[in-house]
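Student: Take this structure, written in structure tokens, and hold onto it; I'll ask about it next.
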Amino acid sequence: MIDAMKSDQIIQKLIAGVDEAGRGPLAGPVIAAAVILDETMPIEGLADSKTLNAKRREELSVLIKERALCWALGRAEVEEIDRLNILQASLLAMKRAVLALTLSPQSVMVDGNQPPELDCPVQTVIRGDATVPAISAASILAKVARDEEMRELDRRFPGYDFLRHKGYPTSGHLEALKRLGISPIHRRSFAPVRQLSEAS
């Protein structure tokens, strides 16, 4: 006999929403999330993670993990970003997130216009993080996970203020980069870091 939860999963279409966080920073990994939401347990307030404050993102992250049918994270490290380029590394992180799901999605919806290579149908959605709940959920999980990672990297590499700017090229980050030099978690293929490396 199939229990109620498994029955719901069979009836529902298993559509995974996928998004990433961390394409623009000069430092740290790019992290992606994949989420298959439970249609019977809607989550109010899902939106593009960039439009939510940190407290609200963290609250929604807890709800997503509690109510989703399944979710998973994937990542690409700095070395992969420098070797592959940030677009290909982001697509790799997305693929890893989907492959890590405990349920195999029937289809995948990805924010943006570039799909990762997967064995199931993939649909790209411009501004999907603002319009497709499953992509919004993935956007939130990816952002929360990456922010947590940057907090840890701030402790490991003091002085760069990763806690504040999360690796993005703020004036304070660029000044710290010139003062302290390039750390092991900086992306050497990104212009400001590459230029500093070439000048030294």
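The values are calculated or read from the model by the stated rules, or taken from the named source; none is laboratory data. Nothing here was measured: the structure is a model prediction, and the numbers come from that model. All Cβ positions, even for glycine, are placed from backbone atoms using ideal geometry, and neighbour counts span all protein chains on display.
Student: Which members of the range 96-140 meet the condition of being more than 21 Å from residue 46 (Cα to Cα) and touching a residue at least 40 places away in the same chain (Cβ under 8 Å)?
Tutor: 96, 100, 103, 104, 106, 116
Student: When you go through (1) part of a helix (DSSP H, G or I); (2) farther than 13 Å from residue 25 by Cα one by one for residue 146, which number turns out not to apply?
Tutor: Residue 146 satisfies every listed condition except (2).
Student: I would also like to ask the following. Hey, does the range 22-38 have a residue that's at pLDDT below 95 and either under 15 Å from the mean Cα position of the chain (by Cα) or of a type outside the set (A, V, I, L, M) (or both)?
Tutor: Looking for residues that are at pLDDT below 95 and either under 15 Å from the mean Cα position of the chain (by Cα) or of a type outside the set (A, V, I, L, M) (or both), one finds none in the range 22-38, hence no.
Student: What are the residues in the range 16-40 that are more than 15 Å from residue 97 (Cα to Cα) and among the acidic types (Asp, Glu), if any?
Tutor: Residues satisfying the conditions are 38, 39.
Student: Quick one: how many residues across the range 10-51 are touching an Asp or Glu at 6+ places or on another chain (Cβ under 9 Å), under 26 Å from residue 184 (Cα atoms) and not in a loop (DSSP other than H, G, I, E, B)?
Tutor: Residues flagged as touching an Asp or Glu at 6+ places or on another chain (Cβ under 9 Å), under 26 Å from residue 184 (Cα atoms) and not in a loop (DSSP other than H, G, I, E, B) within the range 10-51 amount to 7.
Student: Answer yes if at least one residue in the range 95-117 is polar (S, T, N, Q), under 26 Å from residue 27 (Cβ atoms) and out of contact with any helix residue (DSSP H, G or I) (no Cβ under 9 Å at 6 or more places or on another chain), and no otherwise.
Tutor: So far as the range 95-117 goes, yes, one or more of its residues are polar (S, T, N, Q), under 26 Å from residue 27 (Cβ atoms) and out of contact with any helix residue (DSSP H, G or I) (no Cβ under 9 Å at 6 or more places or on another chain).
Student: Of 154, 161, which residue is among the charged types (D, E, K, R) and touching a Gly at 6+ places or on another chain (Cβ under 8 Å)?
Tutor: Step by step, each of 154, 161 is checked, and only 161 is among the charged types (D, E, K, R) and touching a Gly at 6+ places or on another chain (Cβ under 8 Å).
Student: Among the listed residues 168, 160, identify the single one that is in a loop (DSSP other than H, G, I, E, B), among the hydroxyl-bearing types (Ser, Thr, Tyr), touching a residue at least 24 places away in the same chain (Cβ under 8 Å) and surrounded by fewer than 17 Cβ atoms within 10 Å (Cβ to Cβ).
Tutor: Testing whether each residue is in a loop (DSSP other than H, G, I, E, B), among the hydroxyl-bearing types (Ser, Thr, Tyr), touching a residue at least 24 places away in the same chain (Cβ under 8 Å) and surrounded by fewer than 17 Cβ atoms within 10 Å (Cβ to Cβ) leaves just 168.
Student: Now for a different question. Of all residues in the range 171-200, which are surrounded by 14 or more Cβ atoms within 10 Å (Cβ to Cβ) and assigned to a helix (DSSP H, G or I)?
Tutor: 173, 174, 176, 177, 192, 193, 194, 196
Student: From 90, 107, 136, grab the single residue that is at pLDDT 95 or above, hydroxyl-bearing (Ser, Thr, Tyr) and over 28 Å from residue 55 (Cα atoms).
Tutor: 107
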